[in-house]
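Presented below is the structure to which this report refers.
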Amino acid sequence: MNNLHHPSKKEFQVERIIFFSDAVFAIAITLLIIEIKVPLLHGSDITEKNFFNQLLLLSPQFLGFILSFFLIGLYWSIHHKMFGYVINYNSKLIWLNLLFLFSIALMPFSTAVYSEYSAPENIQLVLPYAVYVANICLTGFICFLIWTYIGNPKNKIAEHIPDGDFLKTAKIRSLLLPSIFIISLLISIISPIIARFSLFLIPFFMNIFKSKNNK
């Protein structure tokens, strides 16, 4: 573990991990919009009404894009906060970070599945939505593992993590988002529409939890 780098290169190697992670986040968030195809009309079909109708058909894709855009942005901000305390690294941290990035890189695919089967004629299917929920659960669980690992002083990975409930809150919030998605998945068995739109209440629930832990 101690021979992963020359002592004078330690800070540079940690920065390489961060730069690589930022690149993966940037690519994943860009690929989200690439999945949405421009409506194509031909000949006599080229009218304002037909174009508007084609845009309406893309509504599920745009809703999926908006949701995943802000989720990836949220996880990037969490990753940014995590590595603000990291001053060292080892093989375990590298692999935990790679697993975290793996779940982020999956997001464009799971978002495309979620969006495609959120159209009215397909929304009753639970399995496509479960694919998206599984992706979020994986991301949240690995986020929890990273917080747990860097927050353990015995690992000598991070310094100056705030005392008190900061680490406990960070770990619980890592599991809160997956929990909301799992509840939403269960609701989708009864009412797929309510389950989908309930996800847009995530900021509300996260803020409630945060305010309780900051008292």
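So, of the residues in segment 123-132 that are hydrophobic (A, V, I, L, M, F, W, C) and assigned to a helix (DSSP H, G or I), which turns out to be surrounded by the fewest Cβ atoms within 10 Å (Cβ to Cβ)? Selected residue: Leu127. Against the test of being under 16 Å from Leu67 (Cα atoms), polar (S, T, N, Q), modelled with pLDDT under 90 and open to solvent by less than 40 Å² (accessible area, probe 1.4 Å), the options Ser191, Ser115 yield a single qualifying residue, Ser115. Being more than 23 Å from Pro60 (Cα to Cα), modelled with pLDDT under 90 and assigned to a loop (DSSP other than H, G, I, E, B) is the requirement here; does Ile161 meet it? In short, yes. Residues in segment 133-153 that are part of a helix (DSSP H, G or I), free of Cβ contacts under 8 Å to residues at least 24 places away in the same chain and of a type outside the set (S, T, N, Q): Pro153 alone.
Checking Trp95, Trp147 one by one, the residue that is within 19 Å of Ile78 (Cα to Cα) and open to solvent by 30 Å² or more (accessible area, probe 1.4 Å) is Trp95 and no other. Taken over segment 38-64, the criterion of being in contact (Cβ under 8 Å) with a residue 12 or more places away in the chain, under 30 Å from Ser103 (Cβ atoms) and either of a type in the set (A, V, I, L, M) or surrounded by fewer than 16 Cβ atoms within 10 Å (Cβ to Cβ) (or both) is satisfied by Leu57, Leu58, Phe62, Leu63. Sort out which residues of segment 36-67 are within 25 Å of the chain's Cα centre (by Cα) and among the small types (Gly, Ala, Ser), and write them in order of number. Selection gives Ser59, Gly64.
Scanning segment 98-112 for residues that are open to solvent by 20 Å² or more (accessible area, probe 1.4 Å) and either over 30 Å from Tyr149 (Cα atoms) or not aliphatic (A, V, I, L, M) (or both) yields Phe102, Phe109, Ala112. Any residue that is open to solvent by less than 50 Å² (accessible area, probe 1.4 Å), among the charged types (D, E, K, R) and either modelled with pLDDT under 80 or more than 23 Å from Leu99 (Cα to Cα) (or both) - is there at least one of those in segment 164-185? Scanning segment 164-185 turns up no residue that is open to solvent by less than 50 Å² (accessible area, probe 1.4 Å), among the charged types (D, E, K, R) and either modelled with pLDDT under 80 or more than 23 Å from Leu99 (Cα to Cα) (or both).
The values are calculated or read from the model by the stated rules, or taken from the named source; none is laboratory data. None of the values given here were measured: they were computed from a predicted structure. Glycine also receives a Cβ, built like all others from the backbone with ideal geometry; neighbour counts cover every protein chain displayed. Accessible surface areas use protein heavy atoms only, side chains included; no ligands, DNA or RNA. Shrake-Rupley method; radii C 1.70, N 1.55, O 1.52, S 1.80 Å.
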